[in-house]
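The values are calculated or read from the model by the stated rules, or taken from the named source; none is laboratory data. Bear in mind that the values here come from a model prediction, so they are computed numbers and not experimental data. Every residue, glycine as well, gets a Cβ built from its backbone with ideal geometry; the counts of neighbours run over all protein chains shown. Each accessible area value is taken on the protein alone, full model and side chains, heavy atoms only, with ligands, DNA and RNA left out. Shrake-Rupley method; radii C 1.70, N 1.55, O 1.52, S 1.80 Å.
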Amino acid sequence: MLEIVVKLALVAAAFAVLPLLVGQAEHKVMAHMQGRLGPMYAGRFHGWAQLVADGVKFAQKEDVVPRAADRWIFKLAPGVALVPYLLVLIVIPVGPGGQVALDLGIGVFFALAVMGVGVIGAIMAGWASANKYSLLGGMRVAAQLMSYELPMVFAASSVAMAAGTLSMQGIVGEWRWWWLPWQAVGAVVFFVAGLAELRRPPFDMPVADSEIIFGPYTEYGGLRFALFLLAEYAGIIVLCALTAVLFLGGWKGPFLNTELGWLWTGLKVGVLSFLVIWLRVSYPRMREDQLQKLAWAWLVPLSLAQLALTGVVKVATA
């Protein structure tokens, strides 16, 4: 019982700290790449107080619920968007020898299913806001989920088939270095589809400010809006951790896997998080037709091809 409590406490601490670190890193990276002054000088020493300033700003804003909104769903939506990512962290291993809160035999599909629940929070927000722009943003979120969930599941199924298990600890245990070129297409498809599900630029059509203000979050302010932002950064951590565990060997590194496994996992998650931020800064927002075409004309066929290749290799090496 004590071990379970300690593991859950560590997961909760990671859930509270890591998204904030990613948010601060995004401020700094965007400041360097775009010449932004605030994150460079807030608090004097290298802009350390920018995240604190944002937190104070959100805490001071008034919590307003539109008169015509569905009040219960409107208030519940931020929690529905945030909590599923905490549940996913419970099944992600950070190292060998039981360094995971809960090793589920179907860990891969549990993680993907719960991540899909997180997207429902944005759909609920758009529906409950009694705002046509919010509703349009919620419909775009639903369409994006329908399009990108399929290639994401196919890519994860490919690596699960290669390992012969749905347990994430089992997948890392079976992983070998030559899986990098073998599963490379699946890794790219999984990562891109995950970014689209998180509605990160350039896949942020549901929150296109030039068209629909801020999509399903238009009517939100104060701490409720901050919860949606926190859910986005928590989603980045979860996506990068899943990509590292499924496709990059998780805790396996060049040496001392047993002693430094947690460090290799953290480094891979950190590099992938930087890549997420870099893509946001570097590429413009895709149009809705481009976004749907990428999913159905490219990612779905590529993920199916990866699945077929994995089946052929498994049969050939059996």
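Observations on the model:
- Extents of region 74-216, taken as max minus min of Cα coordinates on every principal axis and listed largest first, are 50, 30, 18 Å.
- Heavy-atom accessible surface of the chain: percent carbon and sulfur, 1.4 Å: 72 percent
- Reciprocal mean inverse distance between Cα atoms of region 1-153 - Kirkwood radius, Å: 18.5 Å
- Rolling a 1.4 Å probe over the protein chains gives residue 317 an accessible area of about 100 Å².
- Mean Cβ count within 10 Å, highest first, over the residues of peptides 64-71, 203-210, 181-188: 203-210, 181-188, 64-71
- Largest-first ordering by accessible area, 1.4 Å probe, given options 212, 123: 123, 212
- Computed E for residue 113/residue 45 - FRET, C-beta separation, R0 51 angstrom, nearest 0.05: 0.75
- Two tests apply to each whole DSSP H helix in the chain, Cα reach of 30 Å or more along its axis and mean Kyte-Doolittle hydropathy of at least 0.5, and the ones passing both are 2-34, 71-90, 107-128, 132-163, 222-247, 257-282.
- Stretching the chain fully between residue 67 and residue 6 yields a gain of 17.6 nm (0.36 nm per residue, less the alpha carbon separation).
- Taken over the chain, lysine pairs spaced eight or more positions apart, or on distinct chains, with alpha carbons under 25 Å apart number 11.
- Label-point separation, residue 176 to residue 267 (7 Å along Cα→Cβ), nm: 2.3 nm
- Ranking 127, 178 from most to least accessible surface, computed with a 1.4 Å probe over the protein chains only, gives 127, 178.
- Altogether, the Stokes-Einstein calculation at 25 °C and 0.890 mPa s, with the Kirkwood radius of region 217-278 over Cα pairs as Rh, returns a diffusion coefficient of 189 µm²/s.
- Averaged per residue, the chain has 48 square angstrom of accessible surface, using a 1.4 angstrom probe with ligands and nucleic acids left out.
- Percentage relative contact order, the chain, counting C-alpha pairs under 8 Å, at least six apart: 24 percent
- Accessible-area ranking of 61, 7, 293, largest first, probe 1.4 Å: 293, 61, 7
- FRET efficiency for the residue 314 to residue 256 pair, using the beta carbon distance and R₀ = 41 Å, is estimated at 0.85.
- Extents of region 175-283, largest first, come to 50, 29, 19 Å (Cα atoms, principal axes, whole angstrom).
- Ratio Rg/Rh [Cα only; Rh per Kirkwood] for region 64-317: 1.00
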